[in-house]
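Following: one structure in structure tokens, then a few remarks.
The values are calculated or read from the model by the stated rules, or taken from the named source; none is laboratory data. Note that the structure is predicted; figures quoted are calculated from it, not measured. Don't worry about glycine lacking a Cβ; one is built from the backbone with ideal geometry, like all the others, and counts go over all protein chains shown. Surface accessibility is based on the protein's heavy atoms, side chains included, excluding ligands, DNA and RNA. Shrake-Rupley method; radii C 1.70, N 1.55, O 1.52, S 1.80 Å.
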Amino acid sequence: MKETPLSNCERRFLLRAIEEKKRLDGRQTYDYRNIKISFGTDYGCCVVELGKTRVLGQVSCELVSPKLNRATEGILFFNLELSQMAAPAFEPGRQSDLLVKLNRLLERCLRNSKCIDTESLCVVAGEKVWQIRVDLHLLNHDGNIIDAASIAAIVALCHFRRPDVSVQGDEVTLYTPEERDPVPLSIHHLPICVSFAFFQQGTYLLVDPNEREERVMDGLLVIAMNKHREICTIQSSGGIMLLKDQVLRCSKIAGVKVLEITELIQKALENDQKVRKEGGKFGFAESIASQRITAFKMEKAPIDTSDVEEKAEEIIAEAEPPSEVVSNPVLWTPGTAQIGEGLENSWGDLEDSAKEEEDADGTDGAVILGSTKMDTGVEVSNIGSQDAPIVLSDSEEEEMIILEPDKNPKKIRTQTISAKQEKAPSKKPVKKRKKKRAAN
């Protein structure tokens, strides 16, 4: 899924705000977003939040054979993954240009700066060394991935503990954490990346750009530095020309920011180590704020239950007593009763209507003098007289043949009343004249 581009109105609005030295989140030009560091239950697992950008760091180790040209040095491996969970624009299964650039920058910042003593990772020269693998997963993308990833990587390395080993001849014994305490890594310094975004061909400068500011920037300058003001690596991208004074000013700002971040990292590591020694609760679940719905803990408020019975008696005494009015039953028809107000019973009305229907059926079923109706639909008129014509009918409306002794047979059309019309008491019978047609 491609990234949704910014509209011209949004672009102009962002650039206009930067020209007026204003930012969308209320920060100043050289301000960093809030940084939060939380540790997992295992050593070497941490989550770093830089504003809304979140990166998960996990360190693992294993015994492998060393490289041929460096038989006494351990191996460092860094891997950064950009998943679609962080942003829809990231495609799974393929390495984008951004991912390749970030991985290379991390390797230069952490491996080439010699921040970790790789020789201390050697167990048996030329045979067994420790391979340290740092996996970084981007959980949410809101700009400045490289700064959050560098902080997560160095924090995870500082927090990691490898198992202790012993060598007796050719045998290498690996001890579990229950047998021997794990050993921390030997770290010389803490290199941290600081990003600077340039706008209007280097006229305006911002520290720690967010995702929207990265879309409208013209160039990016990344400086990796430790607290001793030693530059570990520097990279410029975007194709803009920077002056010497601009680079020097950025390096001074980076020195101040790196010192603040380093103090924050050391304080977070000390707090976690203190909690683990005291046997307190630790892990990601404990770092979630209590005000959130996803929190597993809840603040307990003290409740005084000593005088509950006295208060309940006072409330009952002050309450108004219920009314003593008893409703009398109302008899509408014999055999029925009603208490309170409600609709009138309609049983009597139903009996009256049933009687009317029976009367109506009785009148409809009466035999008319001089004619008799049969169930088969055959109607015979004037049975006593032999000269009378005979009319045969088996439907509501059809041609009838009249048989006469001295005349030619004639066809007439009659219409009989349906059973529904006969049973309806409100409708009057309709009389229609018979139409006579000459038979062919």
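Positive end of the dipole of segment 26-273 (Cβ unit charges, origin at the Cα centre): among Ser195, Gln28, Leu106, the Cα lying farthest that way belongs to Gln28. Approximating the spin labels as points 7 Å out from Cα along Cα→Cβ, the Arg11-to-Asn69 distance works out to 4.5 nm.
Over the Cα atoms of segment 26-273, the radius of gyration divided by the Kirkwood radius equals 1.00; this is the Rg/Rh ratio. With 0.36 nm allotted per residue and the present C-alpha distance subtracted, the Thr305-Tyr30 stretch has 93.6 nm of extension available. Length available on full extension from Lys21 to Tyr175: 0.36 nm per residue minus the Cα-Cα distance, which gives 49.7 nm. Can you find, among Leu68, Cys46, His141, the residue farthest towards the positive end of the dipole of segment 1-142? Put +1 on the C-beta of Lys and Arg, -1 on that of Asp and Glu. Looking along the dipole axis, the top candidate is His141. Normalised by the number of residues in segment 1-93, the mean separation of alpha-carbon contacts (under 8 Å, six or more apart) gives a relative contact order of 20 percent.
Under 14 Å from the Cβ of Ala125, count the other residues' Cβ atoms, weight Lys and Arg +1, Asp and Glu -1, and hand me the total. After counting each charged neighbour, the total is -1. Looking only at segment 67-97, which residues have a backbone nitrogen under 18 Å from a spot 7 Å from the Cα of Ala125 in the C-beta direction? So the set is 67-75. When the solvent-accessible area of segment 209-256 is split by element, carbon and sulfur atoms take up 53 percent of it, the probe being 1.4 Å. Shown for segment 26-273: lysine pairs separated by 8 or more places, or found on different chains, whose C-alpha atoms are under 14 Å apart, numbering 6.
The portion of the accessible surface of segment 25-88 made up by carbon and sulfur, rounded to a whole percent, is 49 (1.4 Å probe; DNA, RNA and ligands excluded). Here is the list for segment 150-186: GluC sites (Glu not before Pro) lying in DSSP coil, each with at most 14 other C-beta atoms within 10 angstrom of its C-beta, are Glu178, Glu179. In the full protein context, segment 26-273 carries 48 Å² of accessible surface per residue, based on a 1.4 Å probe and ignoring ligands, DNA and RNA.
Looking at segment 1-79, which GluC sites (Glu not before Pro) are DSSP coil and have at most 16 other C-beta atoms within 10 Å of their C-beta? Listed in order of number, the matching sites are Glu3, Glu20.
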